[in-house]
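My questions will all concern the structure given below.
The values are calculated or read from the model by the stated rules, or taken from the named source; none is laboratory data. Note that the structure is predicted; figures quoted are calculated from it, not measured. Heads up, the Cβs are rebuilt from the backbone with ideal geometry, glycines too, and the neighbour counts pull from every protein chain shown. The accessibility values were calculated without ligands, DNA or RNA, using every heavy atom of the protein model including side chains. Shrake-Rupley method; radii C 1.70, N 1.55, O 1.52, S 1.80 Å.
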Amino acid sequence: MAILGALNPMLSVGLDGDNAWRLADYVKRGGYQALRRILEEKLAQGDVINEVKKSVLRGRGGAGFPTGLKWSFMPRSFPGDKYVVCNSDEGEPGTFKDRDILRYNPHSVIEGMAIAAYAMGAGRGYNYIHGEVWEIYERFEEALDEARVAGFLGNNLLGSGFNFDLFAHHGYGAYICGEETALLESIEGKKGQPRFKPPFPASFGLYGKPTTINNTETFASIPYIINLGGETYLEAGKANNGGTKLFSVSGHVNRPGNYEIPLGTPFATLLEMAGGMRGGRKLKACIPGGSSAPVVPAATMMDCTMDYDSISKGGSMLGSGAVIVMDETTCMVRALERLSFFYYEESCGQCTPCREGTSWLYKVVHRIESGKGRPDDLDLLASVTTNIMGRTICALGDAASMPVQSFIKHYRDEFAYHIEHKKCLVPVEVQRAGSGFFTATV
Amino acid sequence: MLTSESLKRIDREIAKYPAEQKQSAVMAALAIAQEQQGWLSTEAIECVANYLGMAPIAAYEVATFYNMYDLKPVGKYKVSVCTNLPCMLTGGVDAGEYLKKKLGIGYNQTTSDGLITLKESECMGACGDAPVMIINNRRMCSWMNPEEIDKLLAELK
C-alpha cells in the first residue's frame, strides 16, 4: 500500500491496487475533471489563481510560501515563452513523500502542472526528479506518454486551443538542486549552483524566461483545490494552513512511512498512526521538518500540532513534513555529526562562508564525537554558525547551521559530557541496539 | 565511441528541450554514456560534449559536480549505502559496516575480483525504507537487514 495511514485524506484516496498510478485509474477516481472544466468553461486565469489563493495552500517543499501568491507574480499576459517547473528533487534527509506521490499518483502532478501552466500562460514544463529514484523517473515518463495520447498534454489540449507540453528531467546526485535556482541551472545543463535573487524566477527563470517552480505535492494538491473549491480545501486543514499534507515519518517508530493528515493534527496522533515508539522506548527528540529544521525536544514536540504555525511556535519549521523521530538510544552528538557531514559534502562551494564553514562545522563536531573535543569548541561552533548564516546566496548555509545551533541549545549537557569525558552519555551498545539492525531478523 | 543505441537515446533526451538548448540534455547524456561504459572516461565526456555542441570543460564540470557519475572505473556492481541520519537511526551505518565485513573492503574500494564497489551515499529520499541501498544507480533495495543483504550478495554474480 502506498500511504500507510490517513485522516480525511485527499491525495492518497484510492491508491490501492497496482494500477492506481495509470491514467485510466486516475480518470476513474475523478482525475482530469478539474483541467477539463477549466478548459471547457474557459475560466479566467485570474479566477484559477484566486481559487488557489483562497485555499491558502502553502508550498509543500519546505518554505511554506503561499502558492496562489507565487503564481500571481508571473507576468501571465506577457508574450513569449514561460515555464512551470516541478521540484521533485527530494533529497532533504527524512523526506520521501514526493517519491510516493509520483509512484502512486503521478497524474495528479501532471494535471496540477497543466492547470498551473494555464493559469500563468506557460507553454512548457519540466519535472525535475531526484536521480536516486530511477524507477520513479521511468514511471513518470510513462505517465507523460499516457497523458499525451489522451490529449491532456501537447497542442490544443482537449480542443481548447491551449498548448502545454511537459517533460521529465532527472538529477544525478546533488542535494543543492532542490534549491529552485540551482535546479534551473541544472536543467540548463550546468553545475547546480544557486543564482543571486533578485531577479526572481518569475521574471528571470529557466533560459532567462518567466518561470514558476513548485514542489510535487503542491502541484498534486491543485486538482483537489479546483474540484472542491478553495474554501472547502482550506477548511480541511486549519486557518492559515490549508488542506491536508503528507508527513514522512522516519527513525525510531514501529511503522516508518508516509501519512496524510489535515494540517493542525496533533503530533501525538501522527506518532500513534506510525505505530508508536519502537520497543516501547521513550521519545527523546524530533526533527519535524527535514534535517535542516531545528531539533525539538520530546516535551515540546508532544504539545505541537502538525502545521506551519504550531511547529514554528515550538522553535522549528514544518519544512517538507519530514518527521525524524529519535528515541533515548540516540547520541545527539553522533546524530549532529552525521548531519554536519551531509551539509559539508553537499555545499556547492560557491560561497566562501558555506564552503569553508560547513567544513569547520563537521570537523569540530567530528572531533567532539571522537573524544578529541576542546573546552571552547561549543563557542567555536556557535561563532562559525553566525558567520555563515545570512551571508550566502542560498539557504544551504543556514540549513547547515540551524541543526548545530539547536542541537547544542537543547542538548548542551551531552556535548559538554563528550568533551569532558571523551565518550558518550549513551553507551555504544545501547546506541547499536537502538538501530535494530542486528535484531531485525530475529 | 558512443554506440548508435546510446546516441538514439541521447537524441530522445535532446528532443525534450528547445532546439537552441541542447546542453540541457547533458546530464542525461552523461548518464547514458556511463551506462554504456560502466564509468565516465574523459574521452566519453568529450564525446558527449561534442555531440551536444558544448565546450568539453562545461560537460566535465557537470560530470564532476553530480556524485552519481563515476569518473573512475567501478566494479560490475556499485552498491551505494545511505548512512544519513534517518537511515542511521534504523541501521544504515550498521548495514554499511556489515557489507564491509562481508566483502572485506572499505568504502570507495572494489573487491579483488572486480565484482563489487562499495560507496557511502547521501539521502536517497527513501528514509521510510531504511536501511536503503542502490545498485548501479538504478535499482533501489529497501529494508536491507542482514538477511536481505546476504540474499543480495548471493544474487550479485
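Taking only DSSP H segments of four or more residues, each worth -39500 (n - 2.57), what value at 222 nm results for the protein assembly as shown once the sum is divided by all its residues, to the nearest 500 deg cm²/dmol? It would help to have the intermediate numbers written out before the result.
Details: 25 runs with 265 residues, N = 599.
After summing the helix terms and dividing by the residues of the protein assembly as shown, the value is -13000 deg cm²/dmol.
Here's another thing I want to ask about it. Can you give the accessible area per residue of the protein assembly as shown, in Å², using a 1.4 Å probe?
Working: 22500 Å² over 599 residues.
I get 38 Å² per residue for the protein assembly as shown.
May I ask you to rank A:Arg76, B:Arg138 by accessible area, largest first, using a 1.4 Å probe over the protein chains only?
Values: A:Arg76 85, B:Arg138 45 Å².
In descending accessible area the options line up as A:Arg76, B:Arg138.
What FRET efficiency comes out for A:Ala299 versus A:Ala63 if R0 is 30 angstrom and r is the Cβ-Cβ distance? Round to the nearest 0.05.
Details: r = 27 Å, r/R0 = 0.91.
Working from the Cβ atoms, E equals 0.65.
Per residue of A:90-98, count partner chain C-beta atoms within 10 Å of its C-beta, then hand back the mean as an integer. Walk me through the numbers before you get to the answer.
On the way: counts 4, 5, 3, 11, 9, 6, 10, 2, 1.
Mean partner shielding for this stretch: 6.
Give the angle, between 0 and 90 degrees and rounded to the nearest 10, that separates the Cα long axis of helix A:106-120 from the longest principal axis of the Cα atoms of chain A.
Value to nearest ten degrees: 70.
Using Cα centres only, tell me the gap between region A:169-229 and region A:337-399 in whole Å.
If you average the Cα positions of each part, the centres end up 27 Å apart.
Order the peptides B:73-86, A:103-116, A:151-164 from the highest to the lowest mean number of other Cβ atoms within 10 Å of their residues. Before the final figure, lay out each step's value.
Working: B:73-86: 23.2, A:103-116: 26.5, A:151-164: 16.0.
Per-residue Cβ counts within 10 Å, averaged per peptide and sorted highest first, yield A:103-116, B:73-86, A:151-164.
Sticking with this structure for a sec: Counting only residues 5 or more places away or on other chains, whose amide H sits under 5 Å from the amide H of B:Ile116 once H atoms are built in the peptide plane?
B:Lys76, B:Tyr77, B:Thr111
I've got another one for you. Given points 7 Å out from each Cα along the Cα-Cβ axis, report the A:Asn19 to A:Phe200 separation in nanometres with one decimal.
4.4
Continuing with this model, one more query. Residue by residue through region A:158-170, what is 3J(HN,Hα) from phi via Karplus (6.51 cos²θ - 1.76 cosθ + 1.60, θ = phi - 60°)? Round to whole Hz and write x for glycine and proline.
These are the phi-based 3J(HN,Hα) values: 6, x, 8, x, 8, 10, 8, 10, 9, 9, 9, 10, 9 Hz.
Between A:Asn8 and A:Ser160, how high is the FRET efficiency from 1/(1 + (r/R0)^6) when r is the Cβ-Cβ distance and R₀ = 22 Å? Nearest 0.05. Please list the in-between numbers first.
Values: r = 33 Å, r/R0 = 1.50.
Approximately 0.10, to the nearest 0.05.
OK, next. Residue-wise, which Karplus ³J(HN,Hα) couplings in Hz belong to region A:312-327, taking 6.51 cos²θ - 1.76 cosθ + 1.60, θ = phi - 60°, and x for glycine or proline?
5, 5, x, x, 9, 9, 5, x, 8, x, 9, 9, 9, 9, 10, 9
Now a separate question. Rank by packing, highest mean first: peptides A:176-182, A:298-304, A:236-242, B:109-115, with packing defined as the count of other Cβ atoms within 10 Å averaged across residues. Display every interim value, and only then the final one.
Numbers: A:176-182: 25.9, A:298-304: 16.7, A:236-242: 20.1, B:109-115: 13.1.
The peptides rank, most packed first, as A:176-182, A:236-242, A:298-304, B:109-115.
For A:Gly59, which sequence-distant residues (separation of 5 or more, or a different chain) have an amide H within less than 5 Å of its own amide H, given hydrogens modelled in the peptide plane?
Those qualifying (amide H under 5 Å, at least 5 residues apart or on another chain) are A:Gly64, A:Phe65, A:Thr67.
Right, next: Stick to the Cα atoms of chain A, pair each with every other, and give me the Kirkwood hydrodynamic radius in Å at one decimal. Don't skip to the answer; put the middle values down first.
Working: mean 1/r = 0.0444 Å⁻¹.
Radius from the Kirkwood sum: 22.5 Å.
How much of the DSSP beta bridge set in region B:57-157 is antiparallel, as a percent to the nearest 5?
Here the share of antiparallel DSSP bridges comes out near 55 percent.
Suppose we keep just the DSSP beta bridges with both residues in the protein assembly as shown; what percent of those would be antiparallel, to 5? Can you show the working numbers first?
Details: 26 of 56 bridges.
Beta bridges within the protein assembly as shown, antiparallel portion: roughly 45 percent.
Within region B:92-107, name every residue whose backbone N is under 16 Å away from a label modeled 7 Å from Cα of B:Leu153 along the Cβ vector.
The answer is B:93-107, whose backbone nitrogens lie closer than 16 Å to the label point.
Let me ask another. Can you run phi through the Karplus equation (6.51, -1.76, 1.60; θ = phi - 60°) for region A:395-409 and list ³J(HN,Hα) in whole Hz, with x for Gly and Pro?
Whole-Hz 3J(HN,Hα) from phi for region A:395-409: 8, 4, x, 5, 5, 6, 7, 4, x, 4, 4, 6, 4, 6, 4.
Here is a further query. Would you mind getting me the FRET efficiency between B:Lys72 and A:Leu380? Use the beta-carbon distance for r and R0 = 45 Å, nearest 0.05.
Numbers: r = 36 Å, r/R0 = 0.80.
The calculated FRET efficiency here is 0.80.
Hey, another quick one. Could you tell me the total accessible area buried at the A-B interface, probe 1.4 Å, in square angstrom to the nearest hundred? Don't skip to the end; give the middle numbers.
Working: alone 18310 and 8850 Å², together 22500 Å².
The contact between B and A buries close to 4700 Å².
Right, something else. If you count only protein heavy atoms and use a 1.4 Å probe, how large is the accessible surface of A:Trp21, to the nearest 10 Å²?
Answer for A:Trp21: close to 20 Å² accessible.
Quick one: Debye curve from the alpha-carbon atoms of region A:147-244 only, equal weights, vacuum; give me log10 I(q)/I(0) at q = 0.13 Å⁻¹ to two decimals.
Each listed q maps to, in turn, -0.69.
Further question on the same structure: May I ask for the net charge around B:Lys101, where only other residues with Cβ less than 13 Å from the Cβ of B:Lys101 are counted and Lys, Arg are +1 while Asp, Glu are -1?
On the way: positive: B:Lys100, B:Lys102; negative: B:Asp94, B:Glu97, B:Asp150.
So the surrounding residues net to -1.
What is the helix-to-structure angle for A:377-388, meaning the angle in degrees between its Cα long axis and the longest Cα principal axis of chain A, kept from 0 to 90 and rounded to the nearest 10?
20
Kindly give Rg over Rh for region A:315-384, based on alpha-carbon atoms, with the Kirkwood expression for the hydrodynamic radius.
Values: Rg = 13.5 Å, Rh = 13.4 Å.
That ratio is 1.00, to two decimals.
Hey, got the dipole for chain B? About the Cα centre, +1 on K and R Cβ, -1 on D and E Cβ, debye to the nearest 20? Intermediate values should be presented prior to the final figure.
Values: 16 positive and 19 negative charges, 46 e Å.
Its charge dipole is roughly 220 debye.
Let me ask something additional. Kindly identify residues of region B:73-98 having a loss of at least 30 Å² in accessible area between the isolated chain and the assembly of all protein chains, probe radius 1.4 Å.
B:Asn84, B:Leu85, B:Pro86, B:Met88, B:Leu89, B:Thr90, B:Asp94
Accessible area of the protein assembly as shown with a 1.4 Å probe: how many percent of it is carbon plus sulfur? It would help to have the intermediate numbers written out before the result.
On the way: 11700 of 22500 Å².
Percent of accessible area from carbon and sulfur atoms in the protein assembly as shown: 52.
Something else about it: Choose one answer from A:Arg432, A:Arg278, A:Arg60: the residue with the largest mean-square fluctuation in a GNM of chain A with alpha-carbon springs under 10 Å.
Judging by the Gaussian network model, the answer is A:Arg432.
Tell me which residues come under 5 Å, amide H to amide H, from A:Lys82 once H is placed; ignore anything under 5 positions away on its chain.
When sequence neighbours closer than 5 places are left aside, the close amide H contacts are A:Gly123, A:Arg124.
Quick one: angle between helix A:134-149 and the longest Cα principal axis of chain A, in degrees between 0 and 90, rounded to 10, please.
10
To continue, here is another question. Top to bottom by accessible area (1.4 Å), largest first, where do A:Leu4, B:Leu30 land? All intermediate terms of the calculation are to be shown ahead of the outcome.
Values: A:Leu4 60, B:Leu30 0 Å².
Final ranking, largest accessible area leading: A:Leu4, B:Leu30.
Moving on to the next point. Check cross-link reach from A:Lys53 to the lysines: straight Cα distance under 23 Å, and skip same-chain residues fewer than eight apart.
Partners found: A:Lys42, A:Lys70, A:Lys82, A:Lys238, A:Lys245.
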